[in-house]
Amino acid sequence: MSHQDEKQGHASRTMRTQRLELRHPELEDAQALFDAYAADPQVTRYLVWRPHKDATETREFLALRRALSSTGASYCWVIRKLDETSPVGMIELRVSGTQGNVGYVLARSHWGHGIMPEAVVSVVEFARSALSLQIISSCCDLENPASARVLRKAGFDYLGVRKSHFAHPAISHGARDVQFFELRLG
Ligand SMILES: CC(C)(COP(=O)(O)OP(=O)(O)OC[C@H]1O[C@@H](n2cnc3c(N)ncnc32)[C@H](O)[C@@H]1OP(=O)(O)O)[C@@H](O)C(=O)NCCC(=O)NCCS
């Protein structure tokens with residue numbers, strides 16, 4: 001794929017909702033994302049990565065997401081509110097065959113306004129129309145009801161608890177129980 005094709009492919013993945021733009025991450029987003037949430041221990045508490053120490057770590061994180069996205073194994077977007085210039089979060093769709101798995105994060109100052117359900121619905125529509133995926137799953141820590149609520153609001157079904165499923169290193173070393181959700185697109 002040429003650089004131009006790659007740029008056009010990424011551009012075509014830009015999505016707009018009523019209040020948001022979701023676009024492919026640039027390495028230049030690192031400082032804004034670091035300032036917005038990547039170093040915030042409350043935001044990263046239930047994530048699979050620890051708070052970043054500096055914007056260089058956020059840049060490396062973005063470089064990895066971009067590399068994965070160029071293989072088709074993952075699609076990643078930064079989330080920007082249309083009335084603001086800086087991105088406020090990220091959402092990722094990991095793809096395996098006809099199945100996807102979604103994960104997301106949002107700056108704490110923007111919690112509680114329905115931003116993430118709006119972003120998830122947009123990514124679900126992308127998975128359905130552009131990738132023809134059949135199932136999207138997601139899981140969240142038992143102690144993360146806000147994330148569970150996001151998934152319910154976006155139309156996912158609750159399938160129960162999976163024991164010792166994911167490590168959330170900010171809380172403990174061992175794998176933790178998670179609530180498992182699924183959305184069938186077929
Ligand atoms: C989870 C997260 C993405 C939610 O995004 P958001 O845009 O604030 O989502 P919403 O505005 O829809 O609010 C979440 C819902 O959870 C509810 N909620 C928040 N805290 C809650 C709590 N402690 N107990 C029960 N419900 C809670 C809110 O009331 C809201 O539901 P409502 O609209 O029915 O009132 C955001 O909190 C976040 O980034 N958290 C840190 C990262 C993270 O945990 N990511 C998910 C990993 S699985």
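The values are calculated or read from the model by the stated rules, or taken from the named source; none is laboratory data. What you see is a predicted model, and the numbers here were worked out from it, not measured in a lab. As a convention, Cβ positions derive from the backbone with ideal geometry for all residues, glycine included, and neighbour counts pool all protein chains shown. Accessible surface is based on the protein model in full, side chains and every heavy atom, while ligands, DNA and RNA are left aside. Shrake-Rupley method; radii C 1.70, N 1.55, O 1.52, S 1.80 Å.
Taken together, Thr71, Thr56 contain a single residue that is at negative phi, among the hydroxyl-bearing types (Ser, Thr, Tyr), surrounded by fewer than 13 Cβ atoms within 10 Å (Cβ to Cβ) and modelled with pLDDT of 95 or more, which is Thr56. When Arg66 is tested against (1) in contact with a helix residue (DSSP H, G or I) (Cβ under 8 Å, 6 or more places away or on another chain); (2) open to solvent by 60 Å² or more (accessible area, probe 1.4 Å); (3) more than 19 Å from Cys140 (Cα to Cα); (4) within 16 Å of the ligand (Cβ to nearest atom), just one condition goes unmet, and that condition is (4). Out of curiosity, is Ala127 over 17 Å from Leu22 (Cβ atoms), more than 9 Å from the ligand (Cβ to nearest atom) and aliphatic (A, V, I, L, M)? It is false that Ala127 is over 17 Å from Leu22 (Cβ atoms), more than 9 Å from the ligand (Cβ to nearest atom) and aliphatic (A, V, I, L, M).
Checked against (1) surrounded by 19 or more Cβ atoms within 10 Å (Cβ to Cβ); (2) touching a Lys or Arg at 6+ places or on another chain (Cβ under 8 Å), Ala154 passes all but a single condition, namely (2). Of all the numbered requirements in (1) surrounded by 18 or more Cβ atoms within 10 Å (Cβ to Cβ); (2) closer than 18 Å to Pro117 by Cα, Lys81 misses one, and that requirement is (1). Total residues in the stretch 92-116 satisfying the condition of being part of a loop (DSSP other than H, G, I, E, B), under 19 Å from Thr44 (Cβ atoms) and over 15 Å from the mean Cα position of the chain (by Cα): the figure is 1. Every condition in (1) within 22 Å of Leu33 (Cβ to Cβ); (2) more than 8 Å from the ligand (Cβ to nearest atom); (3) touching a residue at least 60 places away in the same chain (Cβ under 8 Å); (4) open to solvent by less than 40 Å² (accessible area, probe 1.4 Å) holds for Val102 except the one numbered (3).
Conditions (1) at pLDDT below 95; (2) open to solvent by 20 Å² or more (accessible area, probe 1.4 Å); (3) under 30 Å from Asp35 (Cα atoms); (4) more than 15 Å from the ligand (Cβ to nearest atom), marked per residue:
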| residue | (1), (2), (3), (4) |
| --- | --- |
| Ala119 | no, no, yes, no |
| Val123 | no, no, yes, no |
| Ser138 | no, no, yes, no |
| His168 | yes, no, yes, no |
| Gly174 | yes, yes, yes, yes |
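Look at Ser147 and say whether it is among the polar types (S, T, N, Q) and in a loop (DSSP other than H, G, I, E, B). Criteria not met by Ser147.
Results for (1) of a type outside the set (Lys, Arg); (2) more than 14 Å from Ile91 (Cα to Cα); (3) away from the ligand (no atom under 16 Å from the Cβ); (4) modelled with pLDDT of 95 or more, shown as yes or no for each residue.
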| site | (1), (2), (3), (4) |
| --- | --- |
| Leu131 | yes, yes, yes, no |
| Asp141 | yes, yes, no, no |
| Arg152 | no, yes, no, yes |
| Leu159 | yes, yes, no, yes |
| Lys163 | no, yes, yes, no |
